[in-house]
Every structure is written in C-alpha cells, then in structure tokens.
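Everything below concerns the one structure shown next.
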Amino acid sequence: MATDIRAESAPSSLTLRSGNQMVAEGALRAGCRFFSGYPITPASEIYREMTVRLQARGDVALGAPDEISALCYCIGASQRGAKAMTATSGPGWALMIEAFQYALMTETPVVVVLVQRLGPSTGGATQGAQGDVLLAEFATSGGYTVPVFAPSTPVECFTLTMEAFSWSEALRTPVVVLSDKEVAMTYEAVDLARLPEVPVHARPMASAEGYRPVRFGALDEVPPFAPLAGSLKVTLTGSAHNKDGWLRKNDAETLDVLRHLEAKVDARARDMAMVTRDLQEDADALVVSYGITSRAAREAVRLGRAAGRRLSFLGLLTLFPIPVEAIREAARTVRRVVVAEENLSGLYRKVLGGALPDLEWHGVNTLGRMIRPAEILEAL
Amino acid sequence: MTTGPDRQSFLGDRPVPYCKGCGHGLVARRLGEALVRLGLDASQIVLTSDIGCVGLVDPLFPTLHTVHTIHGRSTAVAAGAVLADTVLGEGRMKNIVMIGDGGATIGLLHLTQAALMNVDLTVLLHNNMLYGMTGGQHSALTPEGFATSTTPQGNWVPALDMEQLLRGCQAGFFARQLATDAELADVIASAIAFPGFALVEILELCTGFGVPLNHMDGKALRALAEADGRQLGTRIHRNDRRPYHEVYRERFPAPSGRPEATRGDGSPARVFAHRLQRPATVVVAGSAGERVQTAAAILCQAAILSRLHCVQKNDYPVTVGSGFSLSEVKLAPEPILYTGADAPDAVLITSADGLREVRGRGDLNRLGPGGVVIADESLASELSGDGVLTLPLRRALSPDTAALGAVAILNQRNGMLEREALLAAIGVLAGDGRAALERAVETAVSLAGQAAADPAEEGGR
C-alpha cells in the first residue's frame with residue numbers, strides 16, 4: 001500500500017489515476033472482454049472507462065436498463081465463456097443479489113465491483129462509507145463464502161481486480177471487489193508502466209472424456225467448464241441440482257453439490273488471504289482495518305510509534321474468506337485489537353469477534369465521514 | 001402423458017411433466033419440430049428457461065444446452081450469452097427463451113430492452129394468463145374479467161398488450177398463436193430464423209386454475225383473445241432493422257494490431273525541484289464549468305513532475321453544470337496514507353459558489369497554522385483576517401482560468417514547486433487549451449508580484 005514508486009519511476013510515466021480507473025485497468029489486464037453497467041455514483045467512472053476501453057478493442061460494453069440486467073448480461077456472457085464484470089454501489093447491489101446467487105449456484109465466474117457509499121439511492125451518493133461489507137458477504141442464502149477483496153489505493157484496485165478475476169475463474173464462483181467512494185474517486189499518482197504483475201488463473205476447461213455437467217470427485221474440486229454453444233452439452237440451473245445439472249431436492253448427490261459450492265472456496269481460504277502487515281515486536285495493541293480506513297489506521301500507527309507507543313497494523317485486502325491466521329499471528333503479543341471501519345456498529349468487527357473470540361476487540365466507527373488517524377490512535 | 005424418443009423433435013423420452021390438457025407440452029413439441037425444420041445442430045441451440053411450469057421444459061430436450069434461470073431474468077441472461085457469442089465468438093448460437101406471463105411481468109424490462117436493442121434471440125411467451133405454479137394468481141397479462149385465485153370475481157385491470165408494447169420497441173417479429181394452432185411449429189421456426197429479436201406469444205389455458213375458475217375450456221380461448229382485442233397470427237414482421245451485434249461490430253470493429261493510445265506524450269524528461277518539507281493541503285473552490293478541477297489536476301501533475309506524492313479529490317453537486325466545483329489536493333514528500341483534508345494549508349476561492357461551499361464544509365475555520373486564503377476580489381467584503389489575499393482573479397485572468405491563476409499565485413508565494421513544473425504539467429494535461437493556461441500562469445505570477453509590492457491587498461478587508 002502507498003509504496004513509494006517515485007524513486008524508480010520516470011516522472012513521465014506517472015499519471016493521476018483514480019481507484020475506479022485502476023479497477024478498469026486491472027479488469028482489462030485480467031482479460032475481461034464483457035462489461036455491463038448501470039449509472040450509479042461512485043461507480044459510474046468504471047462503467048465509462050470500461051465502455052470506452054472495451055469498445056476500442058471491439059469487445060462488449062453494454063449499458064443496461066437496470067442493475068439486474070447488468071449482472072444477468074454478464075452471467076450469460078460468462079456462461080458463453082467470456083470474462084465478465086459489472087460495477088455498482090449499494091443500491092444497485094441490492095438489486096443484483098438474486099442474480100449473484102444464481103451465478104454462485106451455476107458456478108458462473110463473474111466479478112462485481114461494489115463501490116460503497118451511503119444508501120439507499122437517495123442516501124448520499126458522494127459520501128464515503130464502509131457499510132456494505134456484510135451485505136456483500138452474506139447476500140446469498142445458505143451460508144456460502146463469497147470471496148471479497150477490499151482495495152485501499154488505486155494500485156490495489158488494479159491488483160485486487162486481477163485477483164478477483166483470477167479466483168473467480170479458477171474456482172468458478174462470483175467474487176466481489178469491495179471498494180469505497182474515497183478509494184474509488186480519489187486520484188493519485190500511478191506508474192502505469194510499472195504496475196505489479198498478477199498471474200491470473202484460467203478457468204478449468206472440460207473435455208469430452210468423462211464429461212458431466214457438474215463433475216467433481218472430492219468436494220473441493222472445481223468442475224471443468226463447458227461453454228454454451230460448444231460441443232459439450234451444458235446443463236445449468238439455479239435450483240439445487242445433481243452432477244448432471246438436473247434439479248433435485250435432497251438426494252445425497254445434490255446435497256454434495258451444495259456442500260461442494262462452499263468447499264471449493266473454503267479449501268483455498270489460505271491461498272486467498274492477502275494482507276498488508278506493519279507489525280512491531282512486542283506491540284501492545286493492533287489495529288485491523290480495510291479499504292480507505294486502513295490508510296488512516298496505518299497513519300495512526302506511524303504517529304503512535306513516533307510518540308513511543310508499540311503498535312502493529314494489519315490491513316486486510318481479503319475480507320472473506322476471513323484471513324484468520326494472519327490476524328491471529330499479528331495479534332500474538334497484543335492486549336487489544338482495534339477494528340476501524342466507516343459504519344456505525346462495527347459490521348466487520350462482529351464477524352471477526354465470531355471467528356476469533358479469544359481476542360479483545362474494540363471498534364472505531366463513524367458514518368458519513370472518514371475516520372481520522374487521531375481517533376484511531378486514541379482507541380489503541 | 002409420455003413421449004417416446006423422438007429424433008424428429010430433439011425431445012427425449014422423459015415423461016412430460018405438465019397437467020393433462022396444459023399447452024406447455026404442446027409448445028415444447030412444436031419447438032422441437034421447428035428446430036428440426038431449421039436444420040440446426042443441437043450444439044448451437046440454447047434453451048433458456050424462466051421460472052414457473054414453463055421452467056420444467058429443460059429435461060425434455062436432453063441434447064440441447066439448457067439454462068434454467070431465475071424468475072423473469074431469462075431474457076437478460078440469454079441476451080448476455082447471445083452478445084458474447086455473436087460479438088466475441090463464432091456467432092452460431094440460437095437462443096430460445098421459454099418464459100411465462102408471470103416471468104414476462106416481473107422481467108418486462110429485459111424483454112423491452114432486448115427488443116429495443118434487437119438482440120438476436122427468440123422468446124416463446126407461454127401466456128396462460130396467470131401464475132400457475134404458485135397457485136393461480138393474476139399477472140400483468142391477465143385479461144379484464146378473467147378469474148384467477150387473486151381476482152376471483154374477475155380481473156379489473158386491463159392486460160398488457162405485448163403486440164402494442166413491442167411495436168413501441170420497434171421489434172421486428174411478433175406473433176400471437178394458440179398452443180393448439182396447426183401452424184405453431186412454422187411460426188416458431190420463422191421466429192428463430194428471424195435475424196433479431198422475435199417473440200411468439202402463445203395463448204393457453206391453465207388447466208389447474210384457468211379452466212375451473214372461469215368455467216371454460218381450450219375451445220373458448222380464441223373467443224377470449226378476440227374479446228380482449230387480441231388478434232392472432234404473425235402481427236409484426238419487418239426487416240428494416242439489423243440485429244444488435246451487426247450494428248455493434250460495425251461501430252466497434254476489433255482493431256487489427258493497432259496499439260491503444262497512450263497518455264502522457266507531452267511529459268518532459270526533467271525532474272523538477274520542490275521545497276515541500278511536510279504535507280500541504282490545498283482546497284480549490286469555484287463554480288461548475290470554470291475548470292476548477294483542471295486547475296487542481298495541474299497542481300497534482302506538477303507535484304508528480306517534482307517527485308512529490310499527491311492525491312486529488314473532486315466534489316460537485318448533482319447538477320454538474322451549476323453550483324460549486326471543488327477539489328482537495330494533498331501534496332507530500334512521503335507516501336500519503338490518510339487522504340482527508342482536515343486542516344487545509346490554503347483555500348483558493350474563485351467565486352461566490354465556491355465560497356458558499358467552503359463555508360458549508362468549514363474549511364475556513366479549519367485552516368492550518370499559517371494557512372492562507374486566496375480569493376477573487378468580488379468576495380473581499382465577505383472575507384477578512386490574517387492570511388486573506390483578495391485579487392482580481394476573474395477580471396485579470398478569466399473565470400475559466402481564475403482557479404489555475406490562484407494555484408500559480410499560491411505557488412509563487414510559498415515557493416513549493418518550480419513555476420516551470422506548473423507549465424510542464426499544463427503540457428502534460430492540456431490539449432488545445434494549452435496556450436491560454438500558460439498565459440494564465442504568467443499573468444497570475446505578475447499579479448502575485450504586484451500584491452507582494454502592495455501589502456494593503458492582504459488582510460484587513
């Protein structure tokens with residue numbers, strides 16, 4: 001995060017880019033060829049950027065009449081084999097939720113960028129917020145783990161969008177990039193010539209040999225994909241289904257398919273865990289944060305250390321699956337753990353408390369404005 | 001009812017799951033015949049089914065691709081698949097959407113959008129005038145007077161006329177048939193062959209609810225349709241619109257190895273010096289359309305050329321062409337973690353709109369130690385105190401360059417950047433307007449010089 005790229009960069013290759021623009025950059029680098037969007041602040045810039053860039057390549061960028069259409073277009077395109085993405089904010093996400101679970105049930109890769117703000121659509125379009133974090137994760141019925149990645153800088157918008165495509169394709173599951181207005185619409189210097197390399201996993205492809213529409217052995221295996229209009233017969237349904245893709249209620253194979261949808265994600269939780277560490281030996285307090293607030297948290301730690309405190313910082317880039325091991329490791333020596341996030345009741349802190357009940361959790365929370373480093377330091 | 005294996009219709013040997021007398025099974029059979037008649041290969045056919053009894057159709061076609069979607073969204077999922085196939089792929093997909101009147105009601109926008117765009121897909125709208133699977137409730141396609149479980153005395157809202165709706169969408173193909181019509185397979189074949197959006201509305205009676213609640217049988221269906229003003233047959237068939245993907249590919253052809261345009265061509269090779277010891281926060285505020293955010297971007301770009309870190313945030317009211325326009329810029333020698341502008345070092349105000357906004361935000365009360373305000377002379381009566389400098393920004397420069405002028409004046413006074421860095425930044429960011437912006441910087445610098453020579457301009461107003 002906020003690495004000093006100036007030392008290695010020629011000034012001529014540095015350019016002002018917003019988080020939104022870098023999401024688009026990451027999507028294109030990851031091979032996204034299909035985007036559909038519906039206007040909503042603060043995500044609209046992604047829609048515009050993807051439209052201009054994809055159309056210049058002869059790829060598909062599509063304005064949708066609502067957010068449900070936007071995600072459904074992406075799902076259909078992905079079922080045909082295209083890497084697809086949409087971007088929205090909380091009010092649009094509310095409309096997308098059912099289609100999102102449909103993607104999960106049909107093992108259709110798709111990336112949804114959710115740029116948080118105050119809701120509902122009349123709620124405060126240009127005010128930052130981190131209030132959709134649980135709505136993103138727990139949008140689906142059934143307790144499935146939805147991978148959620150949260151960038152805090154334009155460069156992380158680039159890398160995490162690529163990671164989102166990578167995991168979405170590899171696991172054949174929808175992934176959320178959880179941005180926020182302050183990350184999305186703030187312009188910072190980015191060296192476009194020296195962006196980090198992020199390897200993007202490919203979607204596993206099916207062959208005729210032994211083909212079944214939903215083929216896996218161990219529950220955590222990812223079924224190879226066959227595209228619509230290809231030579232292998234595709235059978236997709238959002239209903240509970242067996243390995244042939246046919247609707248069934250509760251036979252053993254169908255229940256296996258349901259458990260498999262979770263197992264394939266859960267088994268890779270450790271590989272998906274991405275954090276930014278700034279830990280101090282013998283720290284007595286740790287601040288855990290994500291998105292824009294993680295930058296204020298790191299500043300708070302910097303200020304606190306300058307005043308003689310022993311403090312550690314852990315920025316979470318992966319929110320779900322919860323990077324439990326990284327948090328436990330960072331909290332090893334500390335008395336208290338403070339979670340800073342822009343929502344009133346400490347949404348993410350609540351799930352951390354459930355995942356790591358032995359730690360002493362405290363919150364710094366605001367709504368409608370950014371959390372200041374001094375406020376975090378005071379709580380540490 | 002069961003059907004045997006049937007090579008002539010793509011139908012398999014599964015028993016048809018529908019109630020005795022339901023038209024859905026008949027429609028499936030006619031669809032199969034149409035597909036055979038068109039000489040299509042199973043691998044190119046995608047059956048996209050919606051929710052309801054109609055959604056039980058998938059297993060009846062064991063060799064076709066089948067996609068069973070969520071309620072009402074079948075057309076949108078199918079449209080995405082078709083566009084990916086026709087624009088990005090080989091374009092051999094034939095996508096047939098199987099939807100009921102309930103799905104058409106909740107998913108109406110997907111239907112009209114596909115029709116407006118003229119996406120090359122075919123919709124078979126199984127209209128039995130109620131929601132059968134959930135207990136016979138009325139839909140937007142239930143005719144007036146028709147009894148359903150939720151309108152037991154007869155529906156009192158007119159039914160949506162798909163023909164009129166689709167005419168309004170400039171749809172190319174619309175037919176209305178009874179499930180029992182002998183020509184149904186031919187009509188479905190014509191719809192599938194049609195290059196663009198095609199919808200066949202198939203009228204049926206739900207034997208579970210429609211028949212008993214209305215005391216009528218299938219023979220009454222034709223009279224019911226006609227009484228409701230619905231004419232049967234192929235009602236729209238026009239070939240004056242090209243399908244969406246053809247238009248799209250013509251407008252946005254795939255480039256033949258042409259590299260994408262890159263930015264920053266005007267960047268100088270040289271690195272400029274700076275005199276910034278600690279982070280500096282500048283708020284620039286003015287009126288919409290007066291290039292306030294451009295001025296802030298030039299300041300940021302100049303900082304970049306001076307190897308400083310910078311962040312820029314822009315704000316404006318929902319009406320982008322009126323009211324205020326504001327940018328926050330933070331510059332620092334070290335990486336910037338916290339991006340908030342809690343205590344600005346300088347507030348630059350070029351108009352009354354800008355002043356109102358910075359007052360609302362409280363920027364003037366939060367000014368950091370030694371903070372300065374540079375404002376247009378028109379605001380002099382409203383601003384006073386130490387560190388306030390009012391100058392004829394709008395008069396000596398122009399409303400469009402006042403903000404950049406204020407930036408240049410601030411820089412001239414505190415010397416944080418080289419003036420050449422500002423000029424170079426203009427070279428990077430500005431296209432045709434470059435000369436005017438460069439002139440504005442020079443004019444502003446001389447204004448700053450005059451102000452320094454005449455300290456009466458500063459404070460006390």
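The values are calculated or read from the model by the stated rules, or taken from the named source; none is laboratory data. This is a predicted model, so every value here is computed, not measured. Every residue, glycine among them, receives a Cβ derived from its backbone with ideal geometry; neighbour counts consider all protein chains shown.
Consider B:Leu331 carefully, then state whether it is within 11 Å of B:Val282 (Cα to Cα) and touching a His at 6+ places or on another chain (Cβ under 9 Å).
yes
Cβ-Cβ under 6 Å, sequence separation 6+ or interchain: first residue in region B:54-70 and at the interface with chain A (Cβ under 7 Å from one of its Cβ atoms), partner of a type in the set (Asp, Glu) and part of a loop (DSSP other than H, G, I, E, B). Which pairs?
Going by the 6 Å Cβ cut-off, there are no qualifying pairs.
Those residues that are in contact (Cβ under 8 Å) with a residue 60 or more places away in the chain and hydrophobic (A, V, I, L, M, F, W, C), I need them from region B:353-387; list them, please.
Those that are in contact (Cβ under 8 Å) with a residue 60 or more places away in the chain and hydrophobic (A, V, I, L, M, F, W, C): B:Leu355, B:Val358, B:Ala380, B:Leu383.
Residue check, A:Leu192 against (1) in contact with a Lys or Arg (Cβ under 8 Å, 6 or more places away or on another chain); (2) free of Cβ contacts under 8 Å to residues at least 40 places away in the same chain; (3) within 14 Å of chain B (Cβ to nearest Cβ), all met but one. Which one?
(2)
Looking only at region B:361-374, decide whether some residue is of a type outside the set (Asp, Glu), within 11 Å of another protein chain (Cβ to nearest Cβ), in a strand (DSSP E or B) and surrounded by 16 or more Cβ atoms within 10 Å (Cβ to Cβ).
No: zero hits.
Within region A:202-217, can you find the residues that are surrounded by fewer than 14 Cβ atoms within 10 Å (Cβ to Cβ), more than 14 Å from chain B (Cβ to nearest Cβ) and either of a type in the set (Ser, Thr, Tyr) or in contact (Cβ under 8 Å) with a residue 24 or more places away in the chain (or both)?
Scanning region A:202-217 gives A:Ala202, A:Ser207.
Of the residues B:Leu56, B:Leu11, B:Leu60, which is outside the structural domain of B:Pro195 (by TED's automatic domain parsing) and within 27 Å of A:Met105 (Cα to Cα)?
B:Leu11
Here are some residues: B:Leu331, B:Leu337, B:Leu348. Which one is closer than 17 Å to B:Ala408 by Cβ, touching a helix residue (DSSP H, G or I) at 6+ places or on another chain (Cβ under 9 Å) and either of a type in the set (S, T, N, Q) or within 14 Å of chain A (Cβ to nearest Cβ) (or both)?
Criteria check complete, one pass: B:Leu331.
For the subset of region B:314-325 comprising residues that are within 11 Å of chain A (Cβ to nearest Cβ) and in contact with a strand residue (DSSP E or B) (Cβ under 9 Å, 6 or more places away or on another chain), which member is nearest to B:His274 (Cα to Cα)?
Among them, the one singled out is B:Asn314.
Could you check region B:97-115 and list, in sequence order, the residues that are more than 7 Å from chain A (Cβ to nearest Cβ) and surrounded by fewer than 24 Cβ atoms within 10 Å (Cβ to Cβ)?
Scanning region B:97-115 gives B:Thr105, B:Ile106, B:Leu108, B:Thr112.
Testing A:Val183 on (1) under 30 Å from B:Leu308 (Cα atoms); (2) within 14 Å of another protein chain (Cβ to nearest Cβ); (3) in a loop (DSSP other than H, G, I, E, B), one condition comes back false. Which one is that?
(3)
So which of B:Ala140, B:Ala79 ends up being of a type in the set (A, V, I, L, M) and either within 20 Å of B:Tyr244 (Cβ to Cβ) or surrounded by 21 or more Cβ atoms within 10 Å (Cβ to Cβ) (or both)?
So the residue among B:Ala140, B:Ala79 that is of a type in the set (A, V, I, L, M) and either within 20 Å of B:Tyr244 (Cβ to Cβ) or surrounded by 21 or more Cβ atoms within 10 Å (Cβ to Cβ) (or both) is B:Ala79.
What's the total number of residues in region B:342-360 that are farther than 19 Å from B:Arg394 by Cα and either buried (at least 21 other Cβ atoms within 10 Å of the Cβ) or outside the structural domain of B:Gln412 (by TED's automatic domain parsing) (or both)?
Number satisfying all stated conditions: 2.
Would you tally the residues in region B:414-457 being among the basic types (Lys, Arg) and surrounded by fewer than 16 Cβ atoms within 10 Å (Cβ to Cβ)?
2
Give region B:36-53 a look and list any residue that's within 14 Å of chain A (Cβ to nearest Cβ) and either more than 20 Å from B:Gly89 (Cβ to Cβ) or surrounded by fewer than 24 Cβ atoms within 10 Å (Cβ to Cβ) (or both), or say none.
B:Leu40, B:Asp41, B:Ala42, B:Ser43, B:Gln44, B:Ser49, B:Asp50, B:Ile51, B:Gly52, B:Cys53
Hey, can you tell me all the residues within region A:41-64 that are closer than 19 Å to B:Thr319 by Cα and crowded, with 21+ Cβ neighbours inside 10 Å?
A:Pro42, A:Ala43 - these are the residues of region A:41-64 that are closer than 19 Å to B:Thr319 by Cα and crowded, with 21+ Cβ neighbours inside 10 Å.
I'd like to verify a number: residues in region B:317-354 that are over 21 Å from B:Asn411 (Cβ atoms), of a type in the set (A, V, I, L, M, F, W, C) and more than 34 Å from the chain's Cα centre (by Cα), how many?
Number of matching residues: 1.
Could you give me the residue pairs with C-beta distances under 6 Å whose first residue belongs to region A:49-78 and is touching a residue at least 12 places away in the same chain (Cβ under 8 Å), whose second residue is part of a helix (DSSP H, G or I) and polar (S, T, N, Q) wherever it lies, and which are 6+ apart or on separate chains?
What qualifies is A:Glu49/A:Gln21; A:Ala61/A:Thr51; A:Ala61/A:Gln55; A:Pro65/B:Gln113.
Taking the conditions exactly as written (more than 26 Å from the chain's Cα centre (by Cα) and of a type in the set (Gly, Ala, Ser)), does B:Ala42 satisfy them or not?
The answer is yes for B:Ala42.
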